[in-house]
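Trainee: Input: one structure, supplied below.
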Amino acid sequence: MAHFKEVNEQSGLHPKPAGLVLQYGTAGFRTSANQLDHIMFRMGLLATLRSKKTKATIGVMVTASHNPEEDNGVKLVDPMGEMLTSSWEGYATQLANTEQEELLTTMKDIIEKEAIDMSQEANVFVGKDTRSSSASLSQAVLDGVKALGGHSKDYGLVTTPQLHYMVCCQNTQGKYGEATLERYYSKLSQAFSLLAKNASNRTDDQKHLSVDGANGIGAIKVREMESHLKKDLQLSIFNDGSRGKLNHQCGADFVKVQQKLPTGIKINPGDRCCSFDGDADRIVYYYTDAQGHFHLLDGDKIATLISTFLKELLNEAGLDLKIAVVQTAYANGSSTYYLENTMKVIVRCTKTGVKHLHHAAKEFDIGVYFEANGHGTVLFSEEAEEKIQQLVHNTNINDERKKAALLLQNTINIINQTVGDAISDMLLMEAILAIKGMTVQQWDTIYSDLPNRQLKVKVSDRRVIETADAERKAVTPAGLQEAIDGLVKKYKQARSFVRPSGTEDVVRVYAEADTQESADALAHEVSLAVYGLAGGVGDEPKPLH
Ligand code: NG1
Ligand code: ZN
């Protein structure tokens with residue numbers, strides 16, 4: 001009964017290295033790939049249990065996103081395409097860390113606590129990125145599902161957001177779309193082409209975009225999409241995985257953190273470019289100017305342009321819907337100032353991690369959420385979607401209102417509301433720029449970023465840092481926040497905060513100020529404070545200049 005014998009036998013083929021302890025963090029489990037086989041098998045088990053509990057299809061994505069090729073990881077996807085609910089993250093951690101002999105007992109505990117009906121059918125969708133370790137690790141997930149008698153569908157190589165999309169389509173019985181890659185491409189590209197029709201006289205230059213695929217899955221998938229886009233968008237894809245190494249000196253994380261061009265991309269001044277991360281759930285834009293200076297348009301700039309576009313459309317459509325932008329503490333101070341004071345939209349700040357932003361965005365009719373690193377999307381409430389639909393079908397409105405309603409409808413269709421999606425976000429940005437007849441430089445001048453710097457500090461146990469106020473204040477260790485406050489006072493327009501990373505064994509330091517020199521100096525001084533007060537290990541942080 002209940003396949004326990006099978007689980008017991010099969011788990012022996014995916015043994016846990018004794019003593020290894022891993023945590024289900026901000027983005028699931030993530031570490032060096034050779035430590036993950038047992039985790040994958042066990043997440044196959046957990047996904048099966050979650051499917052039985054929710055009576056819905058659950059997703060399992062094997063990826064380590066922007067981490068180096070040698071790492072891997074796994075995230076579970078809940079029925080509506082959302083991240084696994086936090087109340088189950090604890091089970092994931094328990095199941096991952098229980099020693100081999102205790103596996104059945106731990107699993108039975110979860111079954112009992114959640115009152116799971118083991119006779120219920122289970123369905124699990126599995127996807128993987130292009131890492132060399134992903135093939136065998138996703139097989140371990142499938143083995144876990146099978147051992148517990150669940151059904152699985154292996155989507156093979158897909159981007160993280162594509163897997164989220166499939167799960168949502170499946171559980172909404174096709175209302176969100178059909179759970180196939182082909183239909184994902186056709187839904188998005190049709191919406192793009194309808195939006196692009198509203199752009200007048202686009203030149204070939206305006207239609208052209210350079211894409212850095214981070215040598216990952218995004219490059220493969222955007223190429224698959226290309227044929228659907230016909231002549232509406234002309235892509236030059238760099239770092240497509242044919243030569244370079246995944247995320248190595250390329251990709252959205254590299255570009256955002258280093259604030260420079262990825263290697264492997266050939267562009268002219270003024271060319272519009274974007275970078276995806278390793279699993280294509282993040283995107284950032286950039287260009288170089290005539291002097292060769294690099295200009296980054298990150299998640300904050302993306303959120304600003306999207307919310308401006310939507311707010312204008314709501315006005316034109318005469319729809320009274322509440323729109324908000326959700327950010328984290330990493331959002332550039334200039335973006336928050338511009339959104340609140342010039343655009344007059346509601347801005348919310350949450351803890352780092354998309355699930356927090358997603359949750360906050362759901363509170364509004366339209367919630368635009370983006371992390372500064374380029375991970376984000378837009379959520380429309382059911383009511384907002386209905387109002388827009390009604391307007392589209394209303395025969396008693398003038399042409400301007402009708403046009404705005406149609407644009408809103410196609411905007412909904414181009415967006416992957418389940419999670420940040422580099423391909424969908426790229427199409428949305430390209431459509432908005434085309435409709436507004438805006439160059440990347442014009443978009444960039446909407447507001448000027450405050451110079452900023454992100455650093456990492458190694459400490460013996462990063463959990464000594466506890467934070468409050470959406471991570472903007474360090475509550476422990478004693479004296480750290482006071483030290484940061486004192487340092488911030490030395491600089492103009494300055495802000496700084498520190499937090500333990502949820503994906504790496506480091507403390508992250510963020511600083512911004514009126515000049516790059518000041519931002520760099522402040523980040524360095526705060527790093528020293530962390531090193532001194534939070535148990536720094538290794539060499540003391542060195543100044544940047
Ligand atoms: P951590 O390592 O917790 O800072 C990073 C990103 C998050 C989020 C996760 C998941 C920064 C500063 N942090 O988390 O925003 O995207 O990875 O991928 O960018
Ligand atoms: Zn990612």
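The values are calculated or read from the model by the stated rules, or taken from the named source; none is laboratory data. Because the structure is a prediction, the values reported are computed rather than measured. Cβ atoms come from the backbone with ideal geometry, glycine included; neighbour counts cover every protein chain shown. With ligands, DNA and RNA removed, areas are computed over all heavy atoms of the protein, side chains included. Shrake-Rupley method; radii C 1.70, N 1.55, O 1.52, S 1.80 Å.
Trainee: Ignoring ligands, DNA and RNA, how do 272, 223, 463 rank by accessible area with a 1.4 Å probe, largest first? Could the numbers behind the result be given before it?
Mentor: Details: 272 25, 223 110, 463 180 Å².
Sorted descending by solvent-accessible area, the residues read 463, 223, 272.
Trainee: Among all the lysines, which ones have a C-alpha under 24 Å from residue 153's C-alpha, if same-chain residues fewer than 8 places away are not counted?
Mentor: Hits, sequence-local ones excluded: 5, 52, 53, 55, 75, 128, 175, 187, 221.
Trainee: Could you give the distance between the Cα centres of the range 194-252 and the range 501-544, to the whole Å?
Mentor: Distance between centres, Cα-based: 35 Å.
Trainee: Same structure, new question: Over the range 299-419, average the accessible area per residue using a 1.4 Å probe and give it in Å², no decimals.
Mentor: Numbers: 4590 Å² over 121 residues.
I get 38 Å² per residue for this part.
Trainee: So what is log10(I(q)/I(0)) for the chain at q = 0.09, 0.10, 0.12, 0.13 1/Å, when the Debye sum runs over its Cα atoms only?
Mentor: -0.67, -0.83, -1.19, -1.37
Trainee: Could you pull out every residue, at least 5 positions away or on a different chain, whose amide H is within less than 5 Å of the one on residue 236? Hs are placed 1.01 Å off N in the peptide plane, and Pro or chain starts have none.
Mentor: 209, 210, 211
Trainee: Could you derive backbone 3J(HN,Hα) for the range 125-133 from the dihedral phi with the Karplus parameters 6.51, -1.76 and 1.60 (θ = phi - 60°), listing whole Hz in sequence and x where the residue is Gly or Pro?
Mentor: 9, 10, x, 8, 8, 8, 4, 5, 7
Trainee: Tell me which residues come under 5 Å, amide H to amide H, from residue 153 once H is placed; ignore anything under 5 positions away on its chain.
Mentor: Under 5 Å from the amide H of residue 153 lie the amide H atoms of 124, 125, 126, each far enough along the sequence or on another chain.
Trainee: Here's another thing I want to ask about it. Leaving out ligands, DNA and RNA but keeping every protein chain, what accessible area does residue 232 have, in Å² rounded to the nearest 10, with a 1.4 Å probe?
Mentor: Near enough 40 Å² of accessible area.
Trainee: Restricting to bridges with both residues inside the range 299-419, how much of the DSSP beta-bridge set is antiparallel, in percent to the nearest 5?
Mentor: Details: 5 of 14 bridges.
The antiparallel proportion sits near 35 percent.
Trainee: Mind giving me the nanometre distance, one decimal, between the label points for residue 173 and residue 340, set 7 Å out from Cα along Cα→Cβ?
Mentor: It is 4.5 nm.
Trainee: Here is a follow-up. Suppose a student asked you for the relative contact order of the chain, using Cα pairs under 8 Å spaced at least 6 residues apart; what percent would you report?
Mentor: 12 percent
Trainee: Now for a different question. Around residue 260, with a cut-off of 14 angstrom between Cβ atoms, what is the net charge of the other residues, counting Lys and Arg +1 and Asp and Glu -1? Before the final figure, lay out the partial values.
Mentor: Working: positive: 256, 453; negative: 212, 253, 289, 298.
Summing Lys/Arg as +1 and Asp/Glu as -1 gives -2.
Trainee: Could you size up the charge dipole of the chain around its Cα centre, putting +1 on the beta carbon of Lys and Arg and -1 on that of Asp and Glu, and report it in debye to the nearest 20? Mind dumping the intermediate values first?
Mentor: Details: 59 positive and 70 negative charges, 98 e Å.
Result for the chain is approximately 480 debye, rounded to the nearest 20.
Trainee: Name the helices (complete DSSP H segments) of the chain with a Cα length along the long axis of 20 Å or more and a Kyte-Doolittle mean of at least 0.0, or state none.
Mentor: Values: long enough: 37-54 (26 Å, -0.10); 181-196 (22 Å, 0.08); 299-317 (26 Å, 0.33); 399-414 (22 Å, -0.41); 422-436 (21 Å, 1.49); 516-533 (25 Å, 0.36).
Long hydrophobic helices here: 181-196, 299-317, 422-436, 516-533.
Trainee: Follow-up question, since we're still on this one. Sort 66, 38 from largest to smallest accessible area, using a 1.4 Å probe on the heavy atoms of the protein chains. Please list the in-between numbers first.
Mentor: Values: 66 35, 38 5 Å².
Greatest to least solvent exposure: 66, 38.
Trainee: I need the peptides 165-172, 409-416 ranked by packing, meaning the mean over residues of other C-beta atoms within 10 angstrom, with the highest value on top.
Mentor: 165-172, 409-416
Trainee: Further question: Quick one: net charge of residue 100's neighbours, Cβ under 13 Å, K/R +1, D/E -1?
Mentor: Numbers: positive: 16, 42; negative: 9, 37, 99, 101, 102.
That works out to -3.
Trainee: Please say if the range 182-296 is rounded, prolate or oblate, where rounded means a/c under 1.5 for a ≥ b ≥ c the square roots of the C-alpha gyration tensor eigenvalues, and otherwise the choice is prolate for a/b larger than b/c and oblate otherwise?
Mentor: Working: a/c = 2.16, a/b = 1.26, b/c = 1.72.
The shape class here is oblate.
Trainee: Where both residues lie in the range 1-157, what percent of DSSP beta bridges are antiparallel, nearest 5?
Mentor: Values: 10 of 23 bridges.
Here the antiparallel bridges make up roughly 45 percent for the range 1-157.
Trainee: To continue, here is another question. From the phi of every residue in the range 279-285, what ³J(HN,Hα) in whole Hz does the Karplus formula 6.51 cos²θ - 1.76 cosθ + 1.60 yield, where θ is phi - 60° and glycine or proline is x?
Mentor: Those phi angles translate into 10, 6, 10, 10, 8, 10, 10 Hz.
Trainee: Tell me, what HN-Hα J-couplings in whole Hz come from the Karplus equation 6.51 cos²θ - 1.76 cosθ + 1.60 at θ = phi - 60° for each residue of the range 366-377, using x for Gly and Pro?
Mentor: Result, rounded to whole Hz: 10, x, 9, 10, 8, 7, 4, 6, x, 8, x, 7.
Trainee: Just want the answer: with Cβ charges of +1 for Lys and Arg and -1 for Asp and Glu, which residue in 265, 293, 196 is farthest toward the dipole's positive end in the range 182-296?
Mentor: It is 196.
Trainee: Now, a different point. Among 301-313, 370-382, 332-344, how do they line up by average Cβ neighbours within 10 Å per residue, starting with the highest?
Mentor: Working: 301-313: 22.1, 370-382: 24.5, 332-344: 16.7.
Per-residue Cβ counts within 10 Å, averaged per peptide and sorted highest first, yield 370-382, 301-313, 332-344.
Trainee: Output the relative contact order of the range 21-102, whole-number percent, from Cα pairs under 8 angstrom with separation of 6+ residues.
Mentor: Working: 100 pairs, mean separation 30.2, N = 82.
Relative contact order here is 37 percent.
Trainee: Then there is this: Around residue 209, what is the net charge, scoring Lys/Arg as +1 and Asp/Glu as -1 over all other residues with Cβ under 10 Å from its Cβ? All intermediate terms of the calculation are to be shown ahead of the outcome.
Mentor: On the way: positive: 207, 272; negative: 271, 430.
Taking every Cβ under 10 Å from that of residue 209, the sum is 0.
Trainee: Give the carbon-plus-sulfur fraction of the accessible surface of the chain in %, rounded to a whole number; probe 1.4 Å, heavy atoms of protein chains only. Please report the intermediate quantities before stating the final value.
Mentor: Numbers: 10470 of 21930 Å².
Ligands and nucleic acids excluded, carbon and sulfur reach 48 percent.
Trainee: So who's got an amide H within less than 5 Å of the one on residue 365, skipping anything under 5 residues away but keeping other chains? H placed 1.01 Å off N, in plane.
Mentor: 322
Trainee: Name the residue from 375, 419, 303 whose Cα lies farthest towards the positive end of the charge dipole of the range 299-419, charges +1 on Cβ of Lys and Arg and -1 on Cβ of Asp and Glu.
Mentor: Highest projection toward the positive end goes to 375.
Trainee: Let me ask something else. Which length gain, in nm to one decimal place, applies between residue 121 and residue 227 when the Cα-Cα distance is subtracted from 0.36 nm times their residue separation? Spell out each step's value before the answer.
Mentor: Details: separation 106, 0.36 × 106 = 38.16 nm, distance 3.79 nm.
Taking residue 121 through residue 227 to full extension adds about 34.4 nm, to one decimal.
Trainee: Compute the accessible area per residue over the range 1-157, keeping the other protein chains in place, probe 1.4 Å, unit Å². Walk me through the numbers on the way to the answer.
Mentor: Values: 6050 Å² over 157 residues.
On a per-residue basis, 39 Å².
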